[in-house]
Amino acid sequence: MGAIVVVITGLIVWAGIALLSWMWAQAPAATEMGKRAVTQGATRIEQVAPDLKAQAERWLPGVKEQVDRWVPGLGAEPPARDVSGADPGPVPRYPGLVRSHYASDGGTIDVHYAGRADFDAVLAHYVRGFAGAGYVQEVISATPDAERHRFQRGGESFDLALTRRPGGAIEVRLQQPRQ
């Protein structure tokens, strides 16, 4: 009788360890899926919201100011000129894009560009530019509205994210982790 209890207890412990191991192995995939879902949801909202905002403005005067208070910058035009900062990397910025964000926190340089341009032409510009500088490309994620790529050469890397915005606009995000 005691042997049966020990065997059953051992099987329960083994099943618990196996279940925890399986759950631990699934965690990276689950977090990546969550990130993708949030990114896709935000992209969909950004695509639909400007149309809703325009319709609401026709129905109710003054609603534009209210929406801008709740969701600042939604459907806004790209900035007219570059913000301060420097363009990282060996590839020159795609013509016509404006530097809309610059941050250097000591560990990473993060630069955003915005403007109206053909998504595929911008992607090809950066892929060719990094390849010409000897970087190896890796596609991190791709949807019809956004793509993320990593370019590596030796110990140096750049992360590139392109996102389609409403009205033919795009946003390019270039990150360079400091080594």
* Asked: If you check HIS112 against the conditions, is it under 16 Å from ASP87 (Cα atoms) and not in a strand (DSSP E or B)?
  -> no
* Asked: Which of the residues belonging to the stretch 88-102 are open to solvent by 20 Å² or more (accessible area, probe 1.4 Å) and in a loop (DSSP other than H, G, I, E, B)?
  -> GLY89, PRO90, PRO92, ARG93, TYR94, PRO95, GLY96
* Asked: Out of all the residues in the stretch 59-87, which are in a loop (DSSP other than H, G, I, E, B), at pLDDT below 55 and open to solvent by less than 40 Å² (accessible area, probe 1.4 Å)?
  -> LEU74
* To do: Enumerate the pairs (first residue in the stretch 111-135 and in the same structural domain as GLY85 (by the TED database); second residue anywhere and in a helix (DSSP H, G or I)) with beta-carbon separation below 6 Å, excluding pairs fewer than 6 apart on the same chain, so at least 6 apart or on different chains.
  => ARG116/GLY168
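The values are calculated or read from the model by the stated rules, or taken from the named source; none is laboratory data. The structure displayed is predicted, hence computed values, not measured ones. Neighbour counts are summed over all protein chains in view; Cβ atoms, including those assigned to glycine, are modelled from backbone coordinates with ideal geometry. The area values use the complete protein model at the heavy-atom level, side chains included, leaving out ligands, DNA and RNA. Shrake-Rupley method; radii C 1.70, N 1.55, O 1.52, S 1.80 Å.
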